[in-house]
Structures are given as structure tokens and as C-alpha cells.
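The values are calculated or read from the model by the stated rules, or taken from the named source; none is laboratory data. Quick caveat: nothing in here was measured; it's all calculated off a predicted structure. Don't worry about glycine lacking a Cβ; one is built from the backbone with ideal geometry, like all the others, and counts go over all protein chains shown. Accessible surface areas use protein heavy atoms only, side chains included; no ligands, DNA or RNA. Shrake-Rupley method; radii C 1.70, N 1.55, O 1.52, S 1.80 Å.
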Amino acid sequence: MDERTNLMNMMKISIKVLIQSALNLGRSVDSEYPPLQQFFCIMEHCLKHGLKVKKSFIGQHKSFFGPLELVEKLCPESSDIFANIKNLPEIKTAVGRGRAWLHLSLMQKKLSDYLQILIDHKDLLSDFYEPEALMLGEEGAVIVGLLVGLNMIDANLCLKGEDLDSQVGIIDFSFYLKDIQLNDDNDSKADEIANVLDQKHYVEELNRHLSCTVADLQSKIEILEKTNAKITEELIAAKDRIVSLQSEHNQLLEESLLIKEKSERSVEVSLQDTKVELETYRQSRQGLDEMYNEIWRQLKAEKQARLEQEKELELQLAIKIEMEMAMKLLEKDIHEKQDTLIVLRRQLDDVKSINLQTCQKVKEAETTLHKKNDNVVSLKSKLDQMESETKLMEERFKKSEKARQTAEENCVKIKKEFDAKNESLQQQLQKLDSRCSSLGNELQLEKEQHESLQTELQKEKTLNQSLRNELLQFSQLKKDFDKLHFEKKQVQKLCDEQEQALQEMGLHLSQSKLKMEDIKEVNKALKGHTWLKDDEASGCKQCKKEFSISRRKHHCRNCGDIFCNTCSSNELSLPSYPKPVRVCDICHNLLLQRCSSNCS
């Protein structure tokens, strides 16, 4: 019975305080409003009073959401509330669903109507409550009547994101104690002592809860430190990968230098071959001079291409030097600022720039490959021309042999017919022999040129294969850089999550500090300051002016010291005095600063 009467009294006081404070605020209330939170807490205790324990294969449990589910059957209009509760993924327990039901029914201004329907069907409620429960007694009807007054309040509550499952329902007796202190003149000294003891127990309970929250925050901080250590290890691994990529880049540069040396050697060999070919062609016919001039032009174009390649190699070397300088700077920054997250972002930006540079290098290599392929095609066309020329020379040689045979036959005939013309014919034969020897020498020279061109083709094929291998290596490097980019995104996500967690921890710590300051103020207000007697003060504590008939004495209700009227003209409401009372200038400034810090 004592528990029922206490709950009934607390319900009356909470509804009264909630209505008065809501009228002062313009009848609109948020979910973070303390009197509203206390009302929900007391309402939960009233609904839990006298609940039967239900047994299941999991264990024994009590839930006040069971009798509230009857409202959906008895009143079909409330189906929207239960549909909204099912659509909330954050709520997983029956207690959270019951709290959500209270919030939504208050927003609809039908809380009293739904509870009235339940009380009208006590035969159904008896399955959930004991016979001595508050909801089955006369107090339940009284509570329903009190809840009608809440229909004048506009509750703007947001359930998304709120953790209704893990909330601890603790009744704050500070509102009840304020109402008791207003009626101190009518109560006895025994009641005052009991109230002070209740206040002491309440403050101790608050201190215990705050110590629990501080321990939880410390455990969360330790978890965050462990995650930071893991991130530093991942940073070291990323640094090692960057070093390995740099070594691979150095290998590629060495290979490019080898290719450059090979190309220079091939250019020297081709120059020597061209000199020999020029000497041979100058001795031969004038018709071949045009071919040599074309080959000379092509050699000049190849020289220019080689020079361009050398310039590209020099640019790559300069880029390598810049990359080495950048890597040194990055290593210095890593050694100096390993604990900061800004270094991570700078390193990732550098990796992006390296990725862009490598992509540009790949594109340049592809362009050089296309150029070399074009050169190979042009050389093939030259070979075809040379083969056609050799065929023409062979046809000429055959014709000359046929002409020689005809000439010999003519000589035999002439010897038989004209013996006198032997000497002239012999001279002609000698001339023809000299011509045949010269034609044979020209054929041998052309065959040697054909062989040299074939060797050059083979060399260029080998160069093409090496360049294709380099392209494959560049594609592998692209894949590695994509992996690093993906890992960078994951590290950024982890950093952002940790920053958000740290901000939330800072907010929780600031809120706990503010609560501790409020508790200290309440302790001071409850214990009371030393109240100076009129005989102990001869002058004002602030301005030091002596009191007289015109300058009277006034007590500050916060610190208890004596001041004049000018130094204590301000008025504020204190925890021990809900109505505005006289306060000195110093206490007035301090209290305003604390109120502003709490609001922020």
C-alpha cells in the first residue's frame, strides 16, 4: 500500500510540474525536456507495479508492453502506433517498445483514452497483473483522470536514433523536494530531517550513476587507443609497400637505361652500315643514289626519334629525383608527426600524385611503342622494295646471260664466215666479260644489304617484345596503385569514425561535468551556507560601506553574507527557492555564467 500511495503522489507531482513548465514554455515540449522524462519514468514504474512474472524457455521476465498490446485489439484506431513501433529498427526489446508506445500515444494526445480502455477491461488485465496492482485498483482510474490534463501539451518527440532499450528509469526526487520546501512552514522538524535524508540518498544515487558512466567512458577511451595503435601499424605497412614500389620503380629505370644503351649501339651499327652502303652505291650506278638518299633521310628521322627518346629518359630521371625528394620529405613528416591524422592525408595525396605520374609514364611508353611499330612497318616496306629491286637485277642478269650466249653463237658464225673480224669480236667479248663481273659484284653487294636489313628487323622485334613486357609490368603497377587507393579509403573511413567517436566522447564528458556541477550546486543548496548574523557585519561585504538607518542590511540567499541594497538588488530562482529571491552581484554573475554554460 505504501508503494502505491508513493507512486500515486509522484504521478500527481510530475503531471503538475510538467503542465506548469509547459505553460511557461508555450505548451510545446521536446523529448530532452527533464520534467517530461521524469513523467515517462514514473509512468513506467506505475505500469510495472504488480506485474506477473512470465516464465519461458529463456527465463523469467517482466514486461509492461504485454498489457499495452491489448489496446490494439480493443481499439483499432491505435494500430498506427504499433505499426510505427514495428518500423523502428533500433528497438529490439519489449521495454523499448513500451516506452515508444508511451511517447507516440502522448504525441497523439490519446494516452488517457487508451489507458481508460484498459481499465474498463479489468478481466483482461488480471492475466498480466497481481490483484494488488496499481492498475487494478482505484488509483488507476485516478491516474487516467490526471492524464487528461496532458492533452493541452504539444509533445514534439523524435524516436529515431534514441536508445530506448538501454535507458535506466530513475525517478528524480528534486521536483518533489521543491514542492515540499514550499510547505516547510506547515511541517514539523521531523519531516524536515526526513526530507534532508531523502535528499542525501538521492544525491548519493546520482553520484553512483555518474561514477558508472565515467568508468564506461574510460573503457571506451581504452578501446579507441587500441584502434589508434592498429591504425599506426597499418600506416607502417603502407610505408613498407611504398618502399617496395620505389624499388620496383628503380628497377624499371635501370631497364630503361639498358634499352637506351642498346638503342645507341644499334644506331652506331646502323651508321657504320650506312657508310659502307654509301661507298658501295657511289661506285655503282647513279640510279641507286636516289635510294641511298631516301635511306639517309630515314636514318635522320630515326636519329631524331632516338634523341626524343633520350629527352624522355632525362625527363623520367628528373621525375625520379623529384619522387625521391618527395619520399624523403614524407619520411621526415612521418617521423615527426606519427600521432596526427593530418600526415595520413598528405601521404595519400602524394600517392595520388605518384599514381598520376605513373599513368602519364604509361601513356608516354604507349606512344613510343606506337612510333616504333610505325618504324617497323616502314622498314618492312623498305625490305619489300629492296627485294623487288633484287628481282629486277636478277632478271637483268638473266637477260645479259642470254645476250652473251647469243653473242657467242654470233662469234662462232662470224669466225666461220669472217676470219678477218676475230680481233674486233674478241674485244667485244672482253668488254662483255667485264660487264658481267661488275654485275656479279653488284648482286653480291645487294645480297649483303638484304642480310643486314634482316638482322635489323630481328633486333627491332626483340625491342618490341621487351617493350610489351614493360607494358605488362606497368599494368601490374596500376593494379598495385588501385589497391593502395582502396586501402587509403578504408583508412580514411576509420579515421572519420574515430573522430566522430572522439567528438561524441567529448560531448558525453562535458555533459557529465555539467551534471556534476549541478549536483554540487544542489548539495550546497541542500546543506545551506553559513547565514551571518546581523551583529557580525558592520559594513557591506562588497563596497565596504558602513550600515546606518538609511543604508540597511540585506542577506544574499545564495552565499548568506550581508550586503547593502545597491550590492544585492538582483533576484534569481535558486534550487532551494523556486521563486526569485535576493542575490548579491557576485552570486548573480556566477549563476548566470553557469546557466549559459549549461544551455550551450
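Annotations
- Single match in 134, 150 (criterion: of a type outside the set (D, E, K, R), in contact with a Lys or Arg (Cβ under 6 Å, 6 or more places away or on another chain), modelled with pLDDT under 85 and crowded, with 19+ Cβ neighbours inside 10 Å): 134
- Among the candidates 134, 164, residue that is in contact with a Cys (Cβ under 7 Å, 6 or more places away or on another chain) and either touching a residue at least 60 places away in the same chain (Cβ under 8 Å) or among the aliphatic types (A, V, I, L, M) (or both): 134
- With respect to being over 44 Å from the mean Cα position of the chain (by Cα), closer than 18 Å to residue 127 by Cα and modelled with pLDDT under 85, residue 54 fits the description.
Rundown of residues vs (1) open to solvent by 100 Å² or more (accessible area, probe 1.4 Å); (2) touching a Phe, Trp or Tyr at 6+ places or on another chain (Cβ under 9 Å), yes/no style:
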{"position": "430", "(1), (2)": "yes, no"}
{"position": "439", "(1), (2)": "no, yes"}
{"position": "458", "(1), (2)": "yes, no"}
{"position": "462", "(1), (2)": "no, no"}
{"position": "466", "(1), (2)": "no, no"}
{"position": "476", "(1), (2)": "yes, no"}
{"position": "479", "(1), (2)": "yes, no"}
{"position": "488", "(1), (2)": "no, no"}
{"position": "491", "(1), (2)": "no, no"}
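- Yes/no for residue 497 being surrounded by 15 or more Cβ atoms within 10 Å (Cβ to Cβ), at pLDDT 80 or above and under 15 Å from the mean Cα position of the chain (by Cα): no
- Of the residues in the range 271-293, none is farther than 20 Å from residue 389 by Cβ, at pLDDT 80 or above, out of contact with any strand residue (DSSP E or B) (no Cβ under 7 Å at 6 or more places or on another chain) and aliphatic (A, V, I, L, M).
- The range 1-21, residues that are at pLDDT 80 or above, open to solvent by 80 Å² or more (accessible area, probe 1.4 Å) and either not polar (S, T, N, Q) or not in a helix (DSSP H, G or I) (or both): 12, 16
- Residues satisfying the stated conditions in the range 348-375, i.e. of a type outside the set (A, V, I, L, M, F, W, C), within 22 Å of residue 240 (Cα to Cα) and open to solvent by less than 30 Å² (accessible area, probe 1.4 Å): 355, 358
- Checklist (1) part of a loop (DSSP other than H, G, I, E, B); (2) open to solvent by 70 Å² or more (accessible area, probe 1.4 Å); (3) more than 27 Å from residue 154 (Cβ to Cβ) applied to residue 63, failing item: (2)
- Complete set of residues in the range 573-590 that are modelled with pLDDT of 85 or more, open to solvent by 30 Å² or more (accessible area, probe 1.4 Å) and within 53 Å of the chain's Cα centre (by Cα): 580, 585, 586, 588, 589, 590
- Among the residues of the range 22-39, those identified as in a helix (DSSP H, G or I), open to solvent by 20 Å² or more (accessible area, probe 1.4 Å) and either in contact with a helix residue (DSSP H, G or I) (Cβ under 9 Å, 6 or more places away or on another chain) or closer than 21 Å to residue 158 by Cα (or both) are 23, 25, 34, 37, 38.
- Residue pairs meeting the criteria (Cβ under 8 Å; at least 6 apart or on separate chains; first touching a residue at least 60 places away in the same chain (Cβ under 8 Å), in the range 378-405; second among the small types (Gly, Ala, Ser) and surrounded by 13 or more Cβ atoms within 10 Å (Cβ to Cβ)): none
- Residue in the range 278-294 that is free of Cβ contacts under 8 Å to residues at least 60 places away in the same chain, under 30 Å from residue 355 (Cβ atoms) and either among the charged types (D, E, K, R) or open to solvent by less than 70 Å² (accessible area, probe 1.4 Å) (or both) present: no
Per-residue answers, yes or no, for (1) open to solvent by less than 40 Å² (accessible area, probe 1.4 Å); (2) of a type in the set (Val, Ile, Thr):
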residue: 236; (1), (2): no, yes
residue: 239; (1), (2): no, no
residue: 245; (1), (2): yes, no
residue: 249; (1), (2): yes, no
residue: 255; (1), (2): no, no
residue: 259; (1), (2): yes, yes
residue: 267; (1), (2): yes, yes
residue: 274; (1), (2): yes, yes
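- Close pairs (7 angstrom Cβ cut-off, 6 or more residues apart or separate chains): in contact (Cβ under 8 Å) with a residue 60 or more places away in the chain in the range 212-228, aliphatic (A, V, I, L, M) and in a helix (DSSP H, G or I) anywhere: 217/505; 217/509; 220/505; 221/505; 224/501; 224/502
- Condition met for residue 597 (within 19 Å of residue 531 (Cα to Cα) and out of contact with any Asp or Glu (no Cβ under 7 Å at 6 or more places or on another chain)): no
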